[in-house]
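To start, the structure itself, in structure tokens.
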């Protein structure tokens, strides 16, 4: 079964939500979780939001986060954006996709402290060298400047640390993540299972998993609503995005401590802005239009004609609002794209 484009967005309706203050998270916000970041501890809170799917969907979401991970229940959603959404690009074709497995996603982006705990060097200087931006160097700020290969290496190390199987065979790679550029041969890097959803260790999310989790039930352009008709496509910011994202209008051209903006309905922080986030999938010009409609991109796409072009999502600290939409996609070469960071997922057992 292959996914097919659709013409209309499946809407989602928020039934109930707690009020969450902006700025530094408070332990009083529906509970909190503490996460270790290479010797330092950051406290991030989770929201309690219930949503129900429109457009024929049946899922109800309640944020369930503990120990720095949030549950994302299996379900069906519409990926991409409608053609009339301001900022829409052809590579955001709308398709209906189904994910049949629950999974857990890191509540925040991988921090510098967590990256260092894997024994990896800080790669953020790469962004300063190439773009001139000086990023936050605190342990609880997100790591950025990560090559796609390095993201896979980090996932494997975290798996080994927790006694889980590695999800990627990167034995063909050489170099030190975060230090000298790690070099790999794209066809020689493979998943350790025939279906990435079946791996029991930590991994990058598929692109479908990322957008499903980022939307957390909403069919709009942002977690906080639609793009207003008065929005200028060339503008930096939109007020409705300011509460949930560190992007060009709010960031001061740098990254910030994770968990300081409003989370989405699943309790996930910084899904938009701060550090862009690698996903596992290969770039396709039409988005998910050529994927299987059920558990798409399961084969890791190493046999794709352009396996070295991989996708990152969510926009970053310097992104304009157009690139920080939930449907916005970006991609780069695995050997040279150094802007993104990452967050991990694990299929629920």
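Values quoted throughout were computed directly from the atomic coordinates according to the rules given, and no laboratory measurement underlies them. Because the structure is a prediction, the values reported are computed rather than measured. Positions of Cβ are backbone-derived with ideal geometry, glycine not excepted, and every protein chain shown enters the neighbour counts.
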key: Computed E for residue 243/residue 200 - FRET, C-beta separation, R0 30 angstrom, nearest 0.05   = 0.25
inquiry  = Applying a 10 Å radius around every beta-carbon, put 317-330, 202-215 in order of their mean neighbour count, most first.
reply    = 202-215, 317-330
inquiry  = Test of understanding: express the Cα radius of gyration of region 208-323 as a ratio to 2.2 N^0.38 Å, with N the residue count.
reply    = 1.14
ask   = What spacing in nm lies between the two simple spin-label points modelled at residue 66 and residue 121, each 7 Å away from Cα in the Cβ direction?
value = 4.0 nm
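Taking neighbour Cβ counts within 10 Å as the exposure measure, how do 233, 89 sort from fewest upward? Numbers along the way, then the final one.
Numbers: 233 10, 89 18.
Ordered by Cβ neighbours within 10 Å, fewest first: 233, 89.
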remark   = Given 159-166, 120-127, 148-155, the highest-first ranking by average Cβ count within 10 Å works out to 148-155, 120-127, 159-166
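With 10 angstrom as the radius, rank 197, 131 by how many other C-beta atoms surround their C-beta, starting from the fewest. Working shown, then result.
Numbers: 197 19, 131 14.
Ranked by crowding around the Cβ, least crowded first: 131, 197.
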